Amino acid sequence: MERVLGLEKQPLPGPHTAVADTAGPGYQILLLRTSAESWEDRSQTDEVWDHFDRGCLALAESLAQVWGPPERIELGPVLERSMRGEAVSALAGVLSNFVPSLSAWHFDDRTVCVGVGQWDAEFPIILVAAAGDLC
């Protein structure tokens, strides 16, 4: 949780900053937890998603005790706008490719959010936290 709390105030990466997680100019994405690369039995996918969703909910509840209640943001419309060639923020563009929805807290210069996503069925499920311009 400390890593996520730090997203509120730590400087966001510039264009030439190297980071361990995922970042671009003006945003950072922390990979908090990652599932196994693949499963022998695909029926486990729902169970793993449920486990990650519960973990994300618990994290959001803990953060809400510090920052207040989050806004729920659905990223499907952002992905649709991006695919039509409309401008979306870099952070929203990246997240909308693999995270369907977020719990988000807005601050003066950034939004901090948490969510669960998966790039594609053969890739791991990921619990992420991110900071940057989400608009």
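Structure above, values below:
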read-out	value
Among residues of region 109-135, those that are of a type in the set (D, E), closer than 22 Å to P25 by Cα and without any contact (Cβ under 8 Å) to a residue 60 or more places away in the chain, counted	1
Flag for D50 being charged (D, E, K, R) and either closer than 19 Å to A90 by Cα or modelled with pLDDT of 70 or more (or both)	yes
Hits in region 36-47 - residues which are at pLDDT below 80 and either on the phi > 0 side of the Ramachandran plot or assigned to a helix (DSSP H, G or I) (or both)	Q44
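The values are calculated or read from the model by the stated rules, or taken from the named source; none is laboratory data. In this text the structure is predicted, and so the values were computed from the model without any measurement. Here the Cβ is made from the backbone with ideal geometry for all residues, glycine too, and neighbour counts use every protein chain on show.
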